[in-house]
1. Is segment 124-132 home to any residue that is modelled with pLDDT under 80 and in the same structural domain as ASP52 (by TED's automatic domain parsing)?
2. The conditions are (1) under 26 Å from the mean Cα position of the chain (by Cα); (2) surrounded by 21 or more Cβ atoms within 10 Å (Cβ to Cβ); (3) modelled with pLDDT of 80 or more, and LEU185 fails exactly one of them. Which is it?
3. Determine which member of the set THR207, THR266, THR299 is of a type in the set (Ser, Thr, Tyr) and within 30 Å of ALA190 (Cβ to Cβ).
4. So which of ARG152, ARG73, ARG147 is at pLDDT 80 or above and not acidic (Asp, Glu)?
5. Please determine whether any residue of segment 98-116 is out of contact with any helix residue (DSSP H, G or I) (no Cβ under 7 Å at 6 or more places or on another chain) and at positive phi.
6. Take the conditions more than 13 Å from the chain's Cα centre (by Cα) and at pLDDT 85 or above and apply them to THR245. Does it pass?
7. What are the pairs with Cβ atoms under 6 angstrom where one residue, in segment 294-316, is closer than 23 Å to GLY278 by Cα and the other, located anywhere, is aromatic (Phe, Trp, Tyr)? Sequence gap at least six, or different chains.
Amino acid sequence: MSSSWIQMMKQGNTSSATAALGNAGIAILKGIAAAMSGSGAMFASAMHSIADAINQGFVFAGSVLAERKPTQRFPTGFGRVINIFCMIAVIVVTLMAYETIKEGIHLLSHPTAAHSFWLNFIVLAISIAVDGAVLIKAMKEIVHETRVSAQRVGIIAAAFKNVGRAAPPTRLVFYEDIVATSGALLALIAVILTQFTNFKIFDGIATIFIGILMVGVAFKVGYDNMVGLIGVAAPIEVESKVAATIMADQDVTDINRLRVIQEGRTYHVEGYIELRKGLTLADADDIKFRVRDQLLADTDISDVILGIIEDNGVEDWKGLITEQIP
């Protein structure tokens, strides 16, 4: 394996790689437990873990390929490759959700008593711990990617608030592990209820509900990545930060036009900036390249195209600059 591929793998999304490994191990345990106990909820949870492992493996591969440098044939880079891989993951989740709901309907019509209670209990407890740890890691990744300040319990609120600005693979891991953790908890409740009460149909109810949660994740992730493939404007916070960087230059008087597009996990910036009057063409070019380099110093920005015009005396930029440059 070449050093460039090794470097790309290191730059791949760590949340999806961790989640893929964790869910693969959990899926094997759940599959064995479901086969031995006959628990529908355990079957549903195993299906979800299998889907998660496959999805997050796909997503990690996509995040690695998205790190490839632009080429002559693909001058804007490969950022949107990750959106394609996430769409493949959505198809997998949808198929698994269908099988899960179908099994739940069967269990409602033909409820059966599960056995091997302690096996189910231990496996699901391990699953909750592993999925919970992956979820916490995804939350920390969201906080890191969006560059917000949060510690301890505050990370949870910050993750929910800023998940829309995180990279596509991180968003997928976050949403899927919310469902994985809550689904495993629901399956554990179902195992306990069916063991100690006569409410046997709860096994089927829990199985269907887990399947519905999977459909919800598929819809949300599918929508986010469809928008990403079409080309979506960056969040206002990112646009404001870009504008603040441009306006911080002493020779820039205004922004005539600005467009910031999300490309995978990074942003593509296009715009026209207005410079003070009286500059030579050579000086104006130097200023343009200086501003471009300042923008590219941000690791979230992968490409910058700037045009320059002389100050027209009209305040064109109406964006609200909400972030200050350190």
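1. Taking every residue of segment 124-132 in turn, none turns out to be modelled with pLDDT under 80 and in the same structural domain as ASP52 (by TED's automatic domain parsing).
2. If we test LEU185 against (1) under 26 Å from the mean Cα position of the chain (by Cα); (2) surrounded by 21 or more Cβ atoms within 10 Å (Cβ to Cβ); (3) modelled with pLDDT of 80 or more, just (2) comes out false.
3. The match here is THR207.
4. Only one candidate passes the filter, namely ARG73.
5. no
6. Judged against the criteria, THR245 is a match.
7. GLY307/TYR272; ILE309/TYR272
Conditions (1) surrounded by 22 or more Cβ atoms within 10 Å (Cβ to Cβ); (2) in the same structural domain as ASP283 (by TED's automatic domain parsing), marked per residue:
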position	(1), (2)
ASN198	no, no
ILE210	yes, no
LYS220	no, no
ARG259	no, yes
GLU263	yes, yes
THR266	no, yes
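The values are calculated or read from the model by the stated rules, or taken from the named source; none is laboratory data. Given the structure is predicted, the values throughout are model-derived calculations rather than measurements. Positions of Cβ are backbone-derived with ideal geometry, glycine not excepted, and every protein chain shown enters the neighbour counts.
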